[in-house]
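One structure below.
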């Protein structure tokens, strides 16, 4: 399951831009989860606003009336921003005995609601998952229609002590190990594992071409030892293959990405400056709400995260990778 989620992340870069089928891995149906009114639920918000907690309050008011115990709200883009994020959020959520997940998605012509069980084997999404689905023109209508449907369903309500204000997790740091704002000098001698792209129903790219480009960028820009690896390979397996570090990536809007990686944000900040050092020095400016990618390196034994000494996110994975590798090379190659 871990490798499936990893590849799904690559195309969840901007769900709000999808107009056709935003969640093709879900099989939409009309059957509500049987324990919707008796078990806890998490809500993933996917709306066209960085201030998604305001929209969360609107739908939460309906959940209170219905009896849906929505105990935690997250931005879906945070959940799907990278393997480390998905793993951290899954652990946090399931440790709270949350059984159901709801997705509130803003489409081109209104709002959609999906409701399904959280898979027990890890990760949030699987191919072919069954999910309740309904849509409406507004969140208010969505809540009202859901209440009518629930009242007709015969589901027994056991959730009565529901909090009045939704608990939103907008400041969650996904780095659970030591965070280092520099490069690990050992990378000059330690072999770096670079996870490959992998074929997947959700992956809207030519995988073979993407991996060729990935290898080409590394060969051209990375001066030390590396190897492309299967994204499903465990840390122990990578170590047994001679790797001591692994290249990782998160992707999200700039504001969320910096927050998740433990960077400070100045009040009123609207632009983020990315820096590429070395022979082809470059400065890039992005709006704080633009979607960007950020690479970093994890030491496999200690789990320490090395973010680099400059903010080097890029608008594409290729740009972000070149930025990070060039900054690493400028710092460590003597």
* Asked: How far, in degrees from 0 to 90, does helix 52-66 lean away from the longest principal axis of the Cα atoms of the chain, to the nearest 10?
  -> 30 degrees
* To do: Could you state the orientation-averaged shadow area of the convex hull built on the Cα atoms of the chain, in nm² to one decimal?
  => 17.0 nm²
* Asked: Among bridges DSSP assigns within the stretch 2-153, what percent are antiparallel (round to 5)?
  -> 45 percent
* Asked: Each label point is 7 Å from the Cα along the Cα-to-Cβ direction; what then is the distance between the points at residue 304 and residue 182, in nm?
  -> 0.9 nm
* Asked: Rounded to the nearest 5, what % of the DSSP beta bridges within the chain are antiparallel ones?
  -> 55 percent
* Asked: Quick one: length gained pulling residue 279 to residue 230 fully straight, 0.36 nm per residue minus the C-alpha distance?
  -> 14.5 nm
* To do: Output the Kirkwood hydrodynamic radius of the stretch 77-116, Cα pairs only, in Å rounded to one decimal.
  => 11.6 Å
* Output the antiparallel fraction of DSSP beta bridges having both residues in the stretch 179-332, as a percent to the nearest 5. => 65 percent
* Per residue of the chain, what 222 nm ellipticity follows from adding -39500 (n - 2.57) for every DSSP H run with n ≥ 4, rounded to the nearest 500? -> -9000 deg cm²/dmol
* Cα long-axis angle, helix 317-332 against the chain (0 to 90 degrees, to the nearest 10) -> 40 degrees
* **Degrees separating the helix 83-94 axis from the principal Cα axis of the chain, which is the longest one** => 30 degrees
* **Distant alpha-carbon pairs in the stretch 2-153 (separation over 18 angstrom), percent** => 55 percent
* Calculate, for residue 263 and residue 149, the FRET efficiency according to 1/(1 + (r/R0)^6) with r their C-beta to C-beta distance and R0 45 Å; round to the nearest 0.05. => 0.55
* To do: Take residue 135, project a point 7 Å from its Cα along the Cβ direction, then tell me which residues of the stretch 73-98 have their backbone nitrogen under 20 Å from it.
  => 76-77
* Structure fact -> At q = 0.08, 0.10, 0.12, 0.14 Å⁻¹, the log10 of I(q)/I(0) for the stretch 175-334 from a Debye sum over equal Cα scatterers comes to -0.23, -0.36, -0.52, -0.72
* Cα centroid separation, the stretch 239-283 to the stretch 99-135 (Å) -> 29 Å
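Every read-out reported here was derived from the displayed coordinates using simple, explicitly stated rules and does not represent laboratory data. These numbers come from a predicted model, not from an experiment. Methodologically, a virtual Cβ is constructed for each residue, glycine included, from the backbone with ideal geometry; neighbour enumeration extends over all protein chains shown.
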